[in-house]
Amino acid sequence: MCDTPLRAPWLRTIARVFLDIPVYAVGGAVRNTLMGLPVSDMDLCGPALPETVMKLCEDTPVTARLRAAHFGTVELHIGGHMAEYTTFRQDSYRTGHQPVAVRFADTLEEDALRRDFSVNALYTPLWDITRVIDPTGGLPHLREKILHTVTEDPDQVLKDDGLRILRAVRFQAELGFSLTPAVLKSATKYAALLDEIAPERKRDELTKLLTADIKYPTLSRTTPPVPKGLSTLVEIGAWPKLFGTLIPMNFTAFAHAETLDTGLKLALLYHRATPVALAHRMETLHYAKKDAKQAYDALSVLQEAQNRQSTNADLLRYGLPAAQGAKRMLDLLTGADCVYRQASARMEELLIQTEQCRIPASVKHLAVGGDDLLILCRERGLPVERMGKVLYALWQAVANGRVPNTRRDLLYEAAKRWIDSTPCQ
Ligand code: ATP
Ligand code: MG
């Protein structure tokens, strides 16, 4: 393991702080290092209790912060780097996600059995990073790119924590691993446990799955990772636990959707759903309001673009980013199904005209602004409170090609509209 993240000087400092107390890197840090992939976060573990670790770090370059004492978790900070240390544990669960009892363990073998997958239960001693300790058969699984649980029978692992089902699907997509038939069967059996998982945890795993294709750009894969992961979620019956009754469309368009934001990816997935149903579902999964709005707006434009009656103003009223998002989705859909070609061509034309300022993208791009209308109002004694509505009506008229975007034409049109809409005295 030369030139690996495990060789970093800051980790060597941590190793020295632990003196002769064993401390190991575990999880993604070891797995990814063996695969030649970058490491997202550094997880350490060992038999030392949290309070011992806190003491060891006193008067050293390592700052220790107790995170969750009963889980045995301590953050170790040094020079802008952070590792999370967890005391060896044995967890016992009823069902769900949080262990009902946590018991610290003495051995690495016991600790391995509270983890999820064999490739995530590989340990490298920080004092000898050439070694990998493999208590659950993870090394052959890593070589064969297989994801299997730390126990022979996956039920023992998946029944304890429904989140592990989503983690399995996420690792399948991120790392290009295959789930063993036994894991798939067990995931199907325990998919209902996802009802007990907090929405934000499900959201985080789903987001990681949706961005799995960009996580490791150097990794070569045989199948497009995101469509594969999404199909697995459907196959094991986990889909309704995330999206209720919303039915996803086929996933072919996803093969080239790497650069879309998560909100747009979900809109792509649900391009036939009503925008409000999708936004509601996203909020139920605790996506940020701005992400739900992004999906709502872009999906609204996409659906408007398919309606031949819709005007330019209909397509631009959600804003330029929504129109651009809809165009990107339509391009991806066109690649998968030519019925979207016409809508895509229409959006393209519209965006080109907007870029060339032949169509104003919003009220702000009109040749007159609020100040001009205020003067008009004062001169003619018109009701100022209608100004916003008049400006919007002017923009609609210009966007739809009924009025040229010139100051003279717009002031004339504005006066007409104001007077038309002013109640007779
Ligand atoms: P990543 O590269 O995404 O960080 P990771 O495998 O390191 O992947 P983490 O979420 O950082 O994943 O967790 C670190 C380790 O903790 C895992 O490898 C696994 O051994 C263990 N772990 C994390 N979450 C669970 C869980 N829900 N059930 C069992 N073990 C878990
Ligand atoms: Mg990790």
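The values are calculated or read from the model by the stated rules, or taken from the named source; none is laboratory data. Computed from a predicted structure; not experimentally measured. Here the Cβ positions follow ideal geometry from the backbone for every residue, glycine too, while neighbour counts run over all protein chains shown.
What's the total number of residues in segment 6-33 that are of a type outside the set (Ser, Thr, Tyr) and closer than 21 Å to His141 by Cβ?
Counting residues in segment 6-33 that are of a type outside the set (Ser, Thr, Tyr) and closer than 21 Å to His141 by Cβ gives 9.
Could you grab me the full set of residues in segment 51-95 that are over 12 Å from Val23 (Cβ atoms) and in contact with a Gly (Cβ under 9 Å, 6 or more places away or on another chain)?
Pro61, Arg89, Thr95
Which one is nearest to ligand 1 (Cβ to nearest atom) among residues in segment 12-36 that are crowded, with 18+ Cβ neighbours inside 10 Å, in a loop (DSSP other than H, G, I, E, B) and among the hydrophobic types (A, V, I, L, M, F, W, C)?
That would be Val23.
Can you find even one residue in segment 4-11 that is part of a loop (DSSP other than H, G, I, E, B), within 16 Å of ligand 2 (Cβ to nearest atom) and more than 27 Å from the chain's Cα centre (by Cα)?
Yes, the conditions are met somewhere in segment 4-11.
Could you tell me whether Asp41 is under 29 Å from the mean Cα position of the chain (by Cα), closer than 26 Å to His141 by Cβ, surrounded by fewer than 19 Cβ atoms within 10 Å (Cβ to Cβ) and more than 14 Å from ligand 2 (Cβ to nearest atom)?
No: the conditions fail for Asp41.
Is there a residue being within 16 Å of ligand 2 (Cβ to nearest atom) and either surrounded by fewer than 14 Cβ atoms within 10 Å (Cβ to Cβ) or at pLDDT 95 or above (or both) anywhere in segment 44-55?
Yes, there is a match, as at least one residue in segment 44-55 is within 16 Å of ligand 2 (Cβ to nearest atom) and either surrounded by fewer than 14 Cβ atoms within 10 Å (Cβ to Cβ) or at pLDDT 95 or above (or both).
Would you be able to say whether some residue in segment 170-187 is touching a residue at least 12 places away in the same chain (Cβ under 8 Å), within 25 Å of Asp297 (Cα to Cα), crowded, with 19+ Cβ neighbours inside 10 Å and under 19 Å from the mean Cα position of the chain (by Cα)?
no
Tell me, yes or no, whether segment 399-416 has at least one residue that is surrounded by 14 or more Cβ atoms within 10 Å (Cβ to Cβ), touching a Phe, Trp or Tyr at 6+ places or on another chain (Cβ under 8 Å), closer than 26 Å to Asn307 by Cα and not small (Gly, Ala, Ser).
no
Looking for whichever is acidic (Asp, Glu) and surrounded by fewer than 19 Cβ atoms within 10 Å (Cβ to Cβ) here; the options are Asp116, Asp155. Which one fits?
Asp155
Out of curiosity, is Arg115 within 16 Å of ligand 1 (Cβ to nearest atom), in contact (Cβ under 8 Å) with a residue 40 or more places away in the chain, touching a Leu at 6+ places or on another chain (Cβ under 7 Å) and closer than 30 Å to Ala192 by Cα?
No.
Would you please list the contacts, defined by Cβ atoms under 9 Å and residues six or more apart or on different chains, that run from a residue in segment 42-71 that is within 16 Å of Met82 (Cβ to Cβ) and without any contact (Cβ under 8 Å) to a residue 60 or more places away in the chain to a residue that is in a helix (DSSP H, G or I) and among the polar types (S, T, N, Q)?
If the second residue must be in a helix (DSSP H, G or I) and among the polar types (S, T, N, Q), the pairs left are Thr60/Thr13; Pro61/Thr13; Val62/Thr13.
Please work out if Ala101 is at pLDDT 95 or above and among the aliphatic types (A, V, I, L, M).
no
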